[in-house]
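What follows draws every value from the coordinates through simple rules; no lab data is involved. Predicted model only: the values in this text are computed from it and were never measured. Positions of Cβ are generated from backbone atoms using ideal geometry, with glycine treated the same way; all protein chains shown enter the neighbour counts.
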There are 2 protein chains.
Amino acid sequence: MQKVTIHDIARELNITFSTVARALNDHPAISVTTKEAVRETAKRLGYRQNKVASSLRSGRTNIIGVVVPSLDVSFFSSVVHGIERVMHENGYSILLYQSNESLKQETKGIATFLASRVDGIIASVTAETFQYEHYTEIKKRNVPLLFFDRTLDELQVPSVTINDYKGGFMATEHLIRKGYKRIVHISSERNLPIFSERLRGYTDALAYYDLPFDENLVFRGNISMEYGKTCVDALLEKQVQFDAIFALEDYMAMGAIHQLLAHGITVPDQVGVIGFANEAFGAYITPTLSTIDQQTVKMGEEVANLFLKLSKNKKFYEAEPERVVLEPLLMIRQSTAR
Amino acid sequence: MQKVTIHDIARELNITFSTVARALNDHPAISVTTKEAVRETAKRLGYRQNKVASSLRSGRTNIIGVVVPSLDVSFFSSVVHGIERVMHENGYSILLYQSNESLKQETKGIATFLASRVDGIIASVTAETFQYEHYTEIKKRNVPLLFFDRTLDELQVPSVTINDYKGGFMATEHLIRKGYKRIVHISSERNLPIFSERLRGYTDALAYYDLPFDENLVFRGNISMEYGKTCVDALLEKQVQFDAIFALEDYMAMGAIHQLLAHGITVPDQVGVIGFANEAFGAYITPTLSTIDQQTVKMGEEVANLFLKLSKNKKFYEAEPERVVLEPLLMIRQSTAR
DNA sequence: ATGAAAGCGCTAACAC
DNA sequence: GTGTTAGCGCTTTCAT
């Protein structure tokens, strides 16, 4: 199949290529007859608009870049799923990049987006993003930038997050109301605001219900099932008193439950466990896992809609950045059903 | 930040823009001094190559399009994860499209890819792709097309799949060797080769071990936890004799286990259950779920590598298409441990 | 080792 | 309602 351009269509119909271009773009000044003739010929010749040429000329690509740590984490693939749907419905394409939690990769992805002249960038930063010239450059070039979940607050750009503080508070409060008193929190050694906010929710809930905060009950490690097990082992070995665990994330919670059961400790009777993320498996394990839902797909849809709304006006960075905060949802299941 | 082009750099250095272009592309005929001066000036002025212009002129975009049914299915997001990594390492970007199992959406995605002049397309077809002019058009335009997992064999394009027949056979054989004799198969009402192949593996395994095939033991429904439950209910209500279930997919297997346990039937003692897909939750449920692993990330890496290898030569469609078939992996866990 | 010039396929301002 | 014209920012061939 030969490559066919608007010139070929024009030649075929004895009109100029600019008329063809207008007809294809449904320009109001073109007669219906011409439009139909053009469309028919275009179809017959197998014409496909060349978006590359169109973008070069118009300065708009109708492409937005999305950078996430990893698609292999269901949280992110789920958000991207939401972003993708909304953006496609509105005529945008998605360029995808995974940072794999590496600052270098993230920087490279953004460089590619900039070179590709994307019309906007949606990102969730890596856990090691301490410097962020690559993000400030986006702003400087006046390319719309939005964050979801993992943000850089200093940057003053629009974002969609969930209220992690409230999520941490709710999880802890739920355990307290169920009568648990010595509540362990398994956190991350990674220094992300979303994690410290959950921790803050935990400590505030303890304070609110007049329970003492005990540093011995707080653990920090990598987000994995393995680390959940490690914490339980450490607690038992040191004979620390505890009757509940609020894990930063469901896989950690899962590991903790496994290890508790392995030691003959019943869940939720002797120890209650609650996670965070509402991973799919939580509803299927035994006991089913109480957790905090983060409204992932909605988060993707919200950030896409926010982009669509804000990118309408040229002065994307002039107003105070809009920060949408979604509400966490408490999912009560068996693991806290005392 | 003003938009800066190679002309700006040229003006700054009193050389022509074509020398700048060559320097930036590390052309061998340019002196090291010039290259360094150009690179320094480019950096100082904040130059970013315009890939749109470059693509228009060169005819290559270094972008490949990826269409999958849904990123919210971990199988697909995991494969895309693999594709993405390999492609980025080789200087390609990924345009992403979800078909949501809709032929119309799939067609639209491919139209966008074609208009965007992608250098190749990697796809996994929807369950309703019975007509496929949109795919033949890709071939006609000589754009490299590759399938993974869900293919259209008639199309004669390279692909990466796993041996579903063997997977079905292995799952069934495993149950038989564990002493199960009346094995139910829960299949899909959807008419995809990957599903009928698993069924064929099932029937062949029965025949191989001299077990009778009983149409009453085969169910067809939508892939969901719910349908797994429905099947168990139907079996019990009709008082059909059975002692094992091979489910087409893990969520179905999960639903079946739940319903068996709800009826006081022990797993794996009274009934053995095996799934297919190796979803993350399988390792965490009680009992842990035996299943067939599909090597998802590897599948993505393989299809990306196949693209890189084949797209090197112009005559992508001339040779017999290379079809890589990965081996399924049997994951033995508690749900079949009799 | 560098310059000159053409043109990729389109959009859009300006004519008539 | 349609034609003319001028680029968008590069790559690439042909000179020198």
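Along chain A, the longest continuous region that contains none of the GluC sites (Glu not before Pro) in a DSSP loop with at most 14 other C-beta atoms within 10 Å is A:1-188.
Taking every residue in B:71-84 and counting other chain Cβ atoms within 10 Å of its Cβ, the average works out to 6.
Each Cα pair of the protein assembly as shown feeds into the Kirkwood radius, which the Stokes-Einstein equation turns, at 37 °C and 0.692 mPa s, into a diffusion coefficient of 118 µm²/s. Distances between copies of B:GLU101, taken at a point 7 Å out from Cα along the Cα→Cβ vector and listed shortest first: 3.3 nm.
Segment A:LYS3..A:ASN216, full-extension length gain: 69.7 nm, with 0.36 nm per residue of separation and the alpha-carbon distance subtracted. Remark: segment A:6-58 is approximated by an ellipsoid whose semi-axes, taken from the C-alpha gyration tensor as √(5λ), come to 17, 13, 10 Å, largest first. Simple spin-label estimate for B:LYS314 and B:GLN241 gives 6.8 nm between the two label positions (7 Å along the Cα-to-Cβ direction from each Cα). As a calculated quantity, the FRET efficiency between B:VAL32 and A:ASN191 at R0 = 51 Å, using C-beta atoms, amounts to about 0.75. Kirkwood radius and radius of gyration were both taken over the C-alpha atoms of segment A:291-338, and their ratio Rg/Rh is 1.24. With q set to 0.09, 0.13 Å⁻¹, the log10 of I(q)/I(0) for segment B:83-233, from the Debye formula over equal scatterers at the Cα positions, is -0.40, -0.73.
Applying 1/(1 + (r/R0)^6) with r as the Cβ-Cβ distance of A:GLU89 and A:ALA207 and R0 = 56 angstrom yields a FRET efficiency of 0.80. The C-alpha radius of gyration of segment A:184-234, expressed as a fraction of 2.2 N^0.38 Å, stands at 1.17. Could you give me the ³J(HN,Hα) list for segment A:162-178, computed from phi with Karplus coefficients 6.51, -1.76, 1.60 and θ = phi - 60°, whole Hz, x at Gly and Pro? Taking θ as phi minus 60°, the curve returns 10, 6, 5, 4, 5, x, x, 5, 4, 4, 5, 4, 4, 5, 4, 5, 7 Hz for segment A:162-178. Just for chain B, what percent of DSSP beta bridges are antiparallel, to the closest 5? Taking every DSSP beta bridge within chain B, about 10 percent pair in antiparallel fashion. For the segment A:275-281, counting C-beta atoms of other chains within 10 Å of every residue's C-beta and taking the mean gives 3.
Extension gain, B:ARG200 to B:VAL324: 0.36 nm times the residue separation minus the Cα-Cα distance gives 42.6 nm.
Position B:HIS263: other-copy label points at 3.9 nm, ordered by increasing distance, label point 7 Å along Cα→C-beta.
When B:SER224 is represented by a point 7 angstrom out along its Cα-to-C-beta vector, the spacings to that point in the other copies are 3.7 nm, nearest first. With everything on Cα atoms, drop me the angle between helix B:193-208 and the longest principal axis of chain B, reported from 0 to 90° to the nearest 10. On a 0 to 90 degree scale, this one is about 40.
Under the √(5λ) rule applied to the eigenvalues of the Cα gyration tensor, what semi-axes describe the equivalent ellipsoid of chain A? Give them in Å, descending. Ellipsoid semi-axes (Å, largest first): 52, 20, 17. Remark: segment A:1-94 projects, on average over all directions, an area of 8.3 nm² (convex hull of Cα atoms). Take every DSSP beta bridge whose two residues both sit in the protein assembly as shown; close to 10 percent of them are antiparallel. On C-alpha positions alone, give me the angle between the axis of helix A:250-262 and the longest principal axis of chain A, in degrees, nearest 10. With rounding to tens, the tilt is 30 degrees. Here the simple spin-label model places points 7 Å from the Cα toward Cβ, and for B:ARG60 and B:ILE332 these points are separated by 5.0 nm. Close amide H partners of A:ARG323, meaning residues 5 or more places away or on another chain with modelled amide H under 5 Å apart, are A:SER159.
Each pair of Cα atoms in segment B:191-310 enters the Kirkwood radius, and Stokes-Einstein at 25 °C and 0.890 mPa s then converts it into a translational diffusion coefficient of 157 µm²/s. Using helices alone, what [θ] at 222 nm do you get for chain B, with -39,500 (n - 2.57) per DSSP H run of 4 or more residues, divided over all residues and rounded to the nearest 500? The helix contribution divided over chain B gives -13500 deg cm²/dmol. Label-to-label distance, A:THR16 versus A:ILE265, with points set 7 angstrom from Cα along the beta-carbon direction: 8.1 nm. Here's how it looks for B:ARG220: its modeled amide H is under 5 Å from those of B:SER187, which are all 5 or more places away or on a different chain.
With Cα atoms defining each centre, segment A:38-91 and segment B:169-237 are spaced 40 Å apart in the structure.
Ordering A:GLN259, A:PRO212, B:LEU306 by the projection of their Cα atoms onto the charge dipole of the protein assembly as shown, which places +1 on the Cβ of Lys and Arg and -1 on the Cβ of Asp and Glu, puts B:LEU306 at the extreme positive end. Comparing B:PRO212, B:PRO144, B:PRO193 in a Gaussian network model of chain B (Cα springs below 10 Å), the most mobile by mean-square fluctuation is B:PRO212.
Just check segment B:47-150 against the gyration tensor rule for me: Cα atoms, a ≥ b ≥ c as the square roots of the eigenvalues, rounded for a/c under 1.5, and otherwise prolate or oblate depending on whether a/b exceeds b/c. Oblate, because a/c is 1.5 or more while a/b does not exceed b/c.
The amide H of A:VAL273, built 1.01 Å from its N in the peptide plane, has A:ILE245, A:THR336 as neighbours under 5 Å, considering only residues 5 or more places off or on other chains. Here B:LEU45 and B:GLU101 are evaluated by their C-beta separation; at R0 = 41 Å the FRET efficiency comes out at 0.25.
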